[in-house]
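Only one structure is covered here, and it is reproduced in the block below.
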Amino acid sequence: MSRADDIFVSNMTEIMERGVWDTDREVRPRWDDGTPAHTVKKFGIVNRYDLSDEFPILTIRRTYFKSCVDELLWIWQKKSNNTKDLNSKIWDKWADENGSIGKAYGYQLGIKDAYPEGEFDQVDRVLYDLKNNPASRRIMTNIYNFRDLHEMNLYPCAYSMTFNVSGDTLNGILNQRSNDMLTANNWNVVQYAVLLIMFAKVSGLKAGELVHVIADAHIYDRHIPMVKEIITHERYPAPKLWVDPSVTDFYKFTTDSFKLVDYKCDETKYDIPVAE
């Protein structure tokens, strides 16, 4: 059975049974009807996914793989902050009339700076170091730029990646300040697993562990009934991830460069409200 399912069920159970509610506090998020969106949370959840063993996608609930990859490429490859470059509408509520989400996400990754080796943005610097300086302990990205926070329509949730090469294997740590566990947890895991696999492939390395560190792992009050149902669903074996073997350039990957093989999952559809 899928290890991602096991981790997700364990996290959700732990949060619901031992988490801390914020119902005694004023909170920023609101539901569409204006009601405060309260949460129950656990601090400091750390999950480990061995990408050499299986691809970490849920089977107890469908994770929309193509849309995950499309958003990942929008941020990391296109380095865009405009929803017109994205094929889904998941960012529309945070975009202005021109489609911009401000100086957030892809915008931060695309800022160039000068180094002794040349001019790089954050993504290009990772690609350069993986090929030319894999023993470095400084291969990382960070999009939580305090100078630009006031010009971001949404502060970054998943904000930092640290890459580490051990032998011929690339491992990574994803740091996330906040995670809406039902809406986005596996979405983020799938995205950054694909990202790690992309970087490994174009650098002549094997993909190893993805470690996901979540500071504030929470479930919204209106999500609790759905979570209780989802964690009881039947579990299936994890699918295999096919990656186009002809792609050797990070900037040549497309959504069609990745396919899930034998992805079987529970197909129950949920209307999941998103708090703002």
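The values are calculated or read from the model by the stated rules, or taken from the named source; none is laboratory data. Just so you know, these numbers come straight off a predicted model, no measurement behind them. Methodologically, a virtual Cβ is constructed for each residue, glycine included, from the backbone with ideal geometry; neighbour enumeration extends over all protein chains shown. With ligands, DNA and RNA removed, areas are computed over all heavy atoms of the protein, side chains included. Shrake-Rupley method; radii C 1.70, N 1.55, O 1.52, S 1.80 Å.
Tell me, what is the per residue accessible area of region 51-118 in Å², probe radius 1.4 Å?
Accessible area per residue: 46 Å².
Please list Tyr105, Tyr115 in order of solvent-accessible area, largest first, computed with a 1.4 Å probe with all protein chains present.
Tyr115, Tyr105
Run the simple label-point estimate for Lys78 and Lys206 please: 7 Å along Cα→C-beta, distance reported in nm.
Going by the 7 Å Cα→Cβ label model, 3.5 nm.
I want the local charge near Tyr263. Using Cβ-Cβ distances under 10 Å, sum +1 for each Lys or Arg and -1 for each Asp or Glu among the other residues. Walk me through the intermediate numbers first.
Values: positive: Arg62, Lys240, Lys259, Lys264; negative: Asp262.
Here the count lands on +3.
Using a 1.4 Å probe, what is the accessible area per residue for region 161-266, in Å²?
For region 161-266, the solvent-accessible area averages 39 Å² per residue.
May I ask you to rank His38, His212, His150 by accessible area, largest first, using a 1.4 Å probe over the protein chains only? Each step should come with its number before you reach the end.
On the way: His38 30, His212 0, His150 140 Å².
Ranking His38, His212, His150 by accessible area, largest first, yields His150, His38, His212.
For a label point 7 angstrom out from the Cα of Ser136 toward its Cβ, which stretches of region 100-126 have the backbone nitrogen within less than 11 Å?
Those under the cut-off are 115-118, 120-126.
Round to a whole number: what % of the accessible area of the chain belongs to carbon and sulfur, probe 1.4 Å? Working shown, then result.
Numbers: 6480 of 13520 Å².
The nonpolar share, carbon plus sulfur, comes to 48 percent.
Out of Asp24, Asp121, Asp216, any idea which swings most in a Gaussian network model of the chain, alpha carbons joined below 10 Å?
Fluctuation is largest for Asp24.
Quick check: with the 1.4 Å probe, what order do Trp31, Trp187 take by accessible area, largest first?
Trp187, Trp31
Quick test of the membrane-span-like rule: which DSSP H helices of the chain reach at least 20 Å along their long axis (C-alpha atoms) with mean Kyte hydropathy at least -1.0?
Those that pass (Cα extent of 20 Å or more, hydropathy at least -1.0) are 3-18, 181-202.
Over region 129-276, what per residue volume does the convex hull of the Cα atoms give, in whole Å³?
158 Å³
Within the set of other residues whose C-beta is less than 14 Å from the C-beta of Ala114, count the net charge using Lys and Arg as +1 and Asp and Glu as -1.
Overall, the nearby charge balance is -3.
Quickly rank 163-175, 230-242 as a protection proxy: mean count of other C-beta atoms within 10 Å, highest first.
Taking the mean over residues of other Cβ atoms within 10 Å, the ranking is 163-175, 230-242.
Please compute the net charge surrounding Thr83, taking Lys and Arg as +1 and Asp and Glu as -1 over other residues with Cβ under 15 Å from its Cβ.
For residues surrounding Thr83, the net value is 0.
Suppose only helical runs count, i.e. DSSP H with n ≥ 4. What mean residue ellipticity at 222 nm does that imply for the chain under -39500 (n - 2.57) per run, divided by all residues and rounded to the nearest 500 deg cm²/dmol? Working shown, then result.
Details: 6 runs with 72 residues, N = 276.
About -8000 deg cm²/dmol.
Using a Cα-Cα cut-off of under 13 Å, which aspartates and glutamates could be cross-linked to Lys201, ignoring same-chain neighbours fewer than 8 residues away?
Lys201 reaches Asp168, Asp244, Asp249.
If you stretched the chain out fully between Phe43 and Thr13, how much longer would it get, using 0.36 nm times the residue separation minus the C-alpha to C-alpha distance?
Fully extending the segment from Phe43 to Thr13 adds 9.4 nm.
Hey, any idea what Rg/Rh is for the chain, computing Rh the Kirkwood way over Cα pairs?
Reported Rg/Rh, Kirkwood definition of Rh: 0.95.
Reachable lysines from Lys103, Cα under 20 Å, same-chain residues fewer than 8 places away excluded?
Partners within reach: Lys78, Lys79, Lys84, Lys89, Lys93, Lys112.
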